[in-house]
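Participant: Just dropping this structure here.
The values are calculated or read from the model by the stated rules, or taken from the named source; none is laboratory data. Predicted model only: the values in this text are computed from it and were never measured. So basically every Cβ, Gly included, is an ideal-geometry build from the backbone, and we count neighbours across all protein chains shown. Heavy atoms of the whole protein, side chains included, go into the accessibility calculation; ligands, DNA and RNA do not. Shrake-Rupley method; radii C 1.70, N 1.55, O 1.52, S 1.80 Å.
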Amino acid sequence: MQQITIHANAKINLALDVINRKPDGYHNVRMVMQSLSLHDTLTIKKTEEPGIHLTPLHAERFPDVTWGEDNLIYKAAKLWLEHYPAEGGVHIIIDKQIPSGAGLAGGSSDAAATLRGLNLLFDRDLSTTDLQKLGVQLGADVPYCIMLGTALAEGIGEVLSELPPAPALYCTLVKPDQSISTKYIYEHLCLADAVHPDIDAVISALETRNIPALCDNLNNILEPVALTLCPEISQIEEKLKELGALGACMSGSGPTVFGLFTDGNLALEAAEYFICQGYADSAFVTKFMQP
């Protein structure tokens, strides 16, 4: 095999709680993660020339993304080759569709797909656990992005437990114009005043496939901090519900908001509304997916 094409799927947090701050500055979290059909596409080719070559398609659409050695794709390939040296090098072509700086784990997913792709391309037959041990060195979300599906994430996000697959739902993603710094959000989170999401209620709703209960318990402890920077988040949530979403919430550290629908046509009409009204930088309709 000389090349492989692999998808890097976006994710949302159906619920995100922060338990405490660790002495090293990281936070212990408890989150319910769900992967989406929205994805970037990576084509990875073996090359005779040593080194890592990264080529983005449509790079002009992502002016805030660096495509050199600081990119997580590059870092993932470098990490892989340090552990599993190979003759020659790799050329990775990325067709990016997941918005950057959106709370959808686009960078982490690209890194995870790079590790999965190299594992297949070089026929190393590493297990998911082995890949996750590599991935956590690149970021706390990378092990989940290797796993995909519906999962409970604990620790700093790297301790994963598979959950029952979420019901088949459409997901309208709406990203406001501005980006938000994850570092800023966590630094300004006051746990003493925070209202914690009911993670167990979300898990119970998944176990019983109770869509109304699932949508009623969507919650993100980081949202109040994000609202101080981007008040449009709450406006988008309310409008999504007016347009037929059964529930709406901010994903990750924001600012992207998602609305959940059982009706694909309503989900599409909602996305079109936000684009036409100039509410957002981008809006997508996607679906929950399982690996």
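Participant: When only residues in the range 127-141 that are in contact with a Leu (Cβ under 8 Å, 6 or more places away or on another chain) and at pLDDT 95 or above count, which is most open to solvent (accessible area, probe 1.4 Å)? Before you say what the answer is, go through the steps one by one.
Facilitator: Step one: of the range 127-141, the residues in contact with a Leu (Cβ under 8 Å, 6 or more places away or on another chain) are 131-132, 134-135, 137-139.
Within this subset, residues satisfying the condition of being at pLDDT 95 or above are 131-132, 134-135, 137-138.
On the way: LEU131: 9, GLN132: 36, LEU134: 9, GLY135: 0, GLN137: 113, LEU138: 36 Å².
It comes out as GLN137.
Participant: Let me ask another. Please give the number of the condition ILE12 fails out of (1) surrounded by 18 or more Cβ atoms within 10 Å (Cβ to Cβ); (2) under 30 Å from ALA151 (Cα atoms); (3) in contact with a helix residue (DSSP H, G or I) (Cβ under 9 Å, 6 or more places away or on another chain).
Facilitator: (3)
Participant: Additional query: Mind counting the residues in the range 154-187 that are more than 22 Å from SER100 (Cα to Cα) and either without any contact (Cβ under 8 Å) to a residue 60 or more places away in the chain or touching a Leu at 6+ places or on another chain (Cβ under 9 Å) (or both)?
Facilitator: 11
Participant: I would also like to ask the following. With the structure loaded, tell me whether ALA77 is open to solvent by less than 30 Å² (accessible area, probe 1.4 Å), more than 18 Å from the chain's Cα centre (by Cα) and of a type outside the set (Val, Ile, Thr) or whether it fails that test.
Facilitator: yes
Participant: Now for a separate question. How do the pairs read when you match residues in the range 113-131 that are outside any helix (DSSP H, G or I) with residues anywhere that are open to solvent by less than 30 Å² (accessible area, probe 1.4 Å) and not hydrophobic (A, V, I, L, M, F, W, C), using Cβ under 7 Å and keeping only pairs 6 or more apart or on different chains?
Facilitator: Once the first residue is outside any helix (DSSP H, G or I) and sits in the range 113-131, its partners that are open to solvent by less than 30 Å² (accessible area, probe 1.4 Å) and not hydrophobic (A, V, I, L, M, F, W, C) give LEU126/ASN119.
Participant: Given the structure, is GLY278 over 19 Å from ALA102 (Cα atoms) and assigned to a loop (DSSP other than H, G, I, E, B)?
Facilitator: Against the criterion (over 19 Å from ALA102 (Cα atoms) and assigned to a loop (DSSP other than H, G, I, E, B)), GLY278 does not qualify.
Participant: Next up: Just name the residue that is farthest from GLY103 (Cα to Cα) out of those in the range 23-42 that are over 20 Å from the mean Cα position of the chain (by Cα) and either modelled with pLDDT of 95 or more or open to solvent by 60 Å² or more (accessible area, probe 1.4 Å) (or both).
Facilitator: Narrowing the range 23-42 to residues over 20 Å from the mean Cα position of the chain (by Cα): 23-25.
With either modelled with pLDDT of 95 or more or open to solvent by 60 Å² or more (accessible area, probe 1.4 Å) (or both) added as a condition, the list becomes 23-24.
Values: PRO23: 25, ASP24: 23 Å.
Only one residue tops the list, namely PRO23.
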